[in-house]
């Protein structure tokens, strides 16, 4: 097969950086064009120079192009647009607003309009082999029960504008799947590397570590926060990136959606108990209603003190199970599988404890 020429948005984000390395391992010498906004151009160029040192990147063309997914033709001039259309074989769309606080108009402009503009690129690409779109398991919104990979069902409402606009974004992609060879990736909540613990920021489930680490100073047994019987779907970056690269490199995987979620998730209650133990706090003992924590977290002063946003509580009390049949079946024989959370959780916590005072990892409350 001819050489891959990949156009990728969302670089140099956490998943994108790891994904490119995994893709080069699967298809050495592939070319990459990274579309970045001007504010990330310097960082993207530094990361690109690091990629050039990889043996798998020998012979690769690695370009950083300044543009904007929210603008027509992605902010490229006529010459760059036509050159891109004539050269690229694969499009990866990772750029999005992931902030749970985001205003609706901002989320819609980036997540929905941005996807619409990337689809325009795909339709015009003369040699397109695949379009890999990063969605999220949480397009399910407030739905409960089992969420299948092959369905996108509206009507249950959403917890925030991030979810609602990612739902609309995936809807646009599904509408175009008849004409565009598409792979939809739905990651769960992505955490650090299962072998090293390395991550980019202490958000998501790391807020649990932050909270426990601060409350342990009280020298009191910590209670369970609510019943916490819901599953928590955490997946390490090596599984998300490695699995996506494997699906992309494997024949016959277009035309489907794949949930890069944990096939065997633990409950929030189990996760909380393990975090209390690993972070070095006392407990858990007893139980308090989750609402008692929700109310004070509505206050900015409390969020600043604890370093935890209120919205994260929703993701530890969401009674949904994300089916992974498509992903597990397609990844058979690729060497990629999802490790069990409790096996690598000590590695994640160790990395957190070693880096918890470094400002670049910390969440900055509004």
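The values are calculated or read from the model by the stated rules, or taken from the named source; none is laboratory data. Just so we're clear, the structure is a prediction, and the values are computed from it rather than from any experiment. Here the Cβ is made from the backbone with ideal geometry for all residues, glycine too, and neighbour counts use every protein chain on show.
Any residue that is assigned to a loop (DSSP other than H, G, I, E, B) and at pLDDT below 95 - is there at least one of those in region 103-116? Walk me through it before giving the result.
Restricting attention to region 103-116, the residues satisfying the condition of being assigned to a loop (DSSP other than H, G, I, E, B) are 103.
Within this subset, residues satisfying the condition of being at pLDDT below 95 are 103.
Yes, there is a match, as at least one residue in region 103-116 is assigned to a loop (DSSP other than H, G, I, E, B) and at pLDDT below 95.
Within region 250-270, can you find the residues that are touching a residue at least 12 places away in the same chain (Cβ under 8 Å) and part of a loop (DSSP other than H, G, I, E, B)? If you could, list the steps in order and put the result at the bottom.
In the first step, residues of region 250-270 are kept if they are touching a residue at least 12 places away in the same chain (Cβ under 8 Å); the result is 250, 253-270.
Matches in region 250-270: 250, 253, 254, 255, 261, 262, 263, 264, 265.
Have a look at 181, 221, 205 and point out the one that is within 30 Å of residue 150 (Cβ to Cβ) and at pLDDT below 85. Explain how you work it out, then say what you get.
Details: 181 fails: at pLDDT below 85; 221 fails: within 30 Å of residue 150 (Cβ to Cβ).
On inspection, the qualifying residue turns out to be 205.
Against the definition (out of contact with any helix residue (DSSP H, G or I) (no Cβ under 9 Å at 6 or more places or on another chain) and at negative phi), how does residue 123 come out, yes or no?
Working: out of contact with any helix residue (DSSP H, G or I) (no Cβ under 9 Å at 6 or more places or on another chain): no; at negative phi: yes.
Criteria not met by residue 123.
Of the residues 301, 295, 327, which is farther than 15 Å from residue 207 by Cβ and at pLDDT 90 or above? Even if it seems obvious, please write down each step before you answer.
On the way: 301 fails: at pLDDT 90 or above; 295 fails: at pLDDT 90 or above.
On inspection, the qualifying residue turns out to be 327.
Select from region 211-237 the residues that are assigned to a helix (DSSP H, G or I) and surrounded by 21 or more Cβ atoms within 10 Å (Cβ to Cβ) and list them in ascending order.
Within region 211-237, the subset assigned to a helix (DSSP H, G or I) is 211-218, 237.
Within region 211-237, 211, 212, 237 qualify.
Would you be able to say whether some residue in region 332-342 is farther than 18 Å from residue 197 by Cα, surrounded by fewer than 19 Cβ atoms within 10 Å (Cβ to Cβ) and without any contact (Cβ under 8 Å) to a residue 24 or more places away in the chain?
Yes, some residue in region 332-342 is farther than 18 Å from residue 197 by Cα, surrounded by fewer than 19 Cβ atoms within 10 Å (Cβ to Cβ) and without any contact (Cβ under 8 Å) to a residue 24 or more places away in the chain.
With the condition being touching a residue at least 24 places away in the same chain (Cβ under 8 Å) and buried (at least 18 other Cβ atoms within 10 Å of the Cβ), I'd like the strands (runs of 3 or more DSSP E) fully within region 117-197 carrying at least 3 qualifying residues. Spell out how you get there, then give the answer.
Working: elements: 130-134, 145-147, 182-187, 189-191.
Once the strands (runs of 3 or more DSSP E) in region 117-197 are filtered for at least 3 residues that are touching a residue at least 24 places away in the same chain (Cβ under 8 Å) and buried (at least 18 other Cβ atoms within 10 Å of the Cβ), what remains is 130-134, 182-187, 189-191.
Filter the strands (runs of 3 or more DSSP E) completely within region 1-80 down to those with at least 1 residues that are on the phi > 0 side of the Ramachandran plot, out of contact with any helix residue (DSSP H, G or I) (no Cβ under 8 Å at 6 or more places or on another chain) and at pLDDT below 95.
Numbers: elements: 5-9, 31-36, 62-66.
Hits in region 1-80: none.
If I ask for residues that are touching a strand residue (DSSP E or B) at 6+ places or on another chain (Cβ under 9 Å) and part of a loop (DSSP other than H, G, I, E, B), which ones from region 89-102 would you list?
Quick first cut of region 89-102, residues touching a strand residue (DSSP E or B) at 6+ places or on another chain (Cβ under 9 Å) only: 89-96.
Answer for region 89-102, where residues must be touching a strand residue (DSSP E or B) at 6+ places or on another chain (Cβ under 9 Å) and part of a loop (DSSP other than H, G, I, E, B): 89, 94, 95, 96.
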